[in-house]
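The values are calculated or read from the model by the stated rules, or taken from the named source; none is laboratory data. Values in this document were obtained by computation on a predicted structure and should not be read as measured data. Don't worry about glycine lacking a Cβ; one is built from the backbone with ideal geometry, like all the others, and counts go over all protein chains shown. Quick note on the areas: whole protein, heavy atoms, side chains included, nothing else; ligands and nucleic acids left out. Shrake-Rupley method; radii C 1.70, N 1.55, O 1.52, S 1.80 Å.
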Amino acid sequence: MNRCYISSCNDPYFNLSLEQYLYSRIRQNDRILYLWRNAEVVVIGRFQNPWSECDVAKMKKDSIKLMRRYSGGGAVYQDLGNLCFTLITGSDFDPNVQKESNNDFIVSALKNLSIDAVASGRNDILVGEKKISGAAFQVQRGCLMHHGTLLIDTDLNGLQSYLNPSRYKLESKGIRSVRSRVGNLVEFNEKVDVELMIEVLKATYQELFGAFDVVEVVGDELLNSSVELRHECAMLSSWDWLYGKTPEFTDSYRKRFSWGEIEILLKVSNGIVADVTVYTDSLNVPIVDIIKECLLGIQFVDQKLNLEIIKKASLADGSTKEQLMDVAQLLLGK
C-alpha cells in the first residue's frame with residue numbers, strides 16, 4: 001500500500017514525532033511519502049554536539065529552536081523555504097536498494113522541473129557544484145526511513161549564522177558536520193516554490209512506485225487524540241534529549257585580568273559539568289576551589305554557570321568578589 005501524508009503544522013517537534021509515529025507503524029509491504037516543513041530550527045544528528053555545531057547563544061536570543069533527530073548525519077538549518085521529505089518502506093523492500101531508488105526519485109522529480117540534479121555519494125544531491133539536498137537514514141526491523149531536505153528558497157544567511165558556533169573551543173567525541181557549498185532550487189528555476197515542489201514530488205512518486213492508496217493532510221490536532229505523540233513531542237523538546245544526550249566533551253575559558261591570568265577547563269558529560277580544572281597565577285589561592293565548587297554538577301548553560309559564580313561572589317568581599325565577578329563575565333564569553 002502506498003500512502004502519502006503532508007503535514008500542515010510547522011512545529012519541528014510535532015513533525016519529527018509524526019515521522020517516528022509513522023515509522024514505528026509501517027507494515028511490511030507499505031511505502032510512505034511524508035512531506036513537511038519546519039519553522040526556523042537547527043537540526044542536529046543523533047550523536048552530535050550542539051555547542052560545537054551551532055551558535056546556541058544566538059539561537060536562544062533569536063528564538064530559534066534546536067532539534068536532535070534519531071538518525072545520524074550532520075547539522076542543518078531549516079525554515080519555511082525548505083521542504084523535508086521522508087520515505088519509509090516496510091521490510092519487504094531491501095533497504096540498500098531503496099536508498100538508491102529514493103535518490104533516483106528525488107533526482108527525477110527535479111528533472112521534471114528542468115533542474116539538472118545528480119546524486120552525490122549516499123547522502124547528497126547536487127546541482128552543479130551546489131548541494132541542494134542532504135539526507136540521513138535509519139534502519140530498524142528491516143524497515144528503512146530515509147529523510148532529507150530540499151532547499152527551495154531557504155534563508156542562506158540564517159544557515160551561515162546559526163551553524164557557526166560563536167566561541168566554543170571544544171574537544172568533542174561527537175560527530176562534526178561537514179560544511180558544504182549550498183544553493184536554493186530557485187537559483188536554477190525561479191518558478192519553483194514549496195507548493196509546486198510538493199505536487200511534483202507526489203506525481204513523480206506515483207510514476208515510479210504506483211498510485212497512492214491514501215493521501216492525507218495532517219496537523220497537530222492529532223496531539224489531542226494520541227498520548228504517544230504528545231509524549232514523543234515532550235521528549236524531543238526536553239533539555240535532556242537536546243543537550244543531555246551530547247557525547248562527552250571539554251570546553252575551555254581563558255583570559256588575563258588585572259589580578260592575573262586564569263584558564264578554566266570544563267569536562268561535560270550528558271550536558272552536566274562533570275569535572276573542573278582551574279589554572280591561574282592569581283595570588284588568591286582559595287579562588288580555585290571556590291570556582292570548582294560552584295560549577296561542578298551544573299548544567300552546561302552559560303547563564304547558569306554565570307549565575308552560580310555571581311551567587312558566590314555576592315557572599316564574598318574584597319579581591320575575591322572582584323575576581324569572581326570577572327570569572328562570571330568570562331563564562332558568558334565576555
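Data table
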item	result
Set Asp240, Asp289: member being part of a helix (DSSP H, G or I) and either aliphatic (A, V, I, L, M) or within 27 Å of Gly45 (Cα to Cα) (or both)	Asp240
Leading residue by the ranking (nearest to Ala203 (Cα to Cα)) among those in region 98-127 that are in contact (Cβ under 8 Å) with a residue 60 or more places away in the chain and out of contact with any strand residue (DSSP E or B) (no Cβ under 8 Å at 6 or more places or on another chain)	Ala109
Residue list for region 60-115, restricted to those being within 27 Å of Arg141 (Cα to Cα), open to solvent by 30 Å² or more (accessible area, probe 1.4 Å), hydrophobic (A, V, I, L, M, F, W, C) and in a loop (DSSP other than H, G, I, E, B)	Phe93
Condition check for Gln160: modelled with pLDDT of 95 or more, surrounded by fewer than 18 Cβ atoms within 10 Å (Cβ to Cβ) and among the polar types (S, T, N, Q)	no
Region 237-265 residues that are open to solvent by 10 Å² or more (accessible area, probe 1.4 Å), paired with ones that are among the basic types (Lys, Arg) and in a loop (DSSP other than H, G, I, E, B) (beta carbon under 7 Å, 6 or more apart)	Pro247/Lys173; Glu248/Lys173; Ser252/Lys169
Matching residues in region 292-302 - criterion: being under 14 Å from Leu331 (Cα atoms), assigned to a helix (DSSP H, G or I) and open to solvent by 30 Å² or more (accessible area, probe 1.4 Å)	Lys292
Among the candidates Asn29, Asn10, residue that is in contact (Cβ under 8 Å) with a residue 12 or more places away in the chain, in contact with a Lys or Arg (Cβ under 8 Å, 6 or more places away or on another chain) and open to solvent by 20 Å² or more (accessible area, probe 1.4 Å)	Asn10
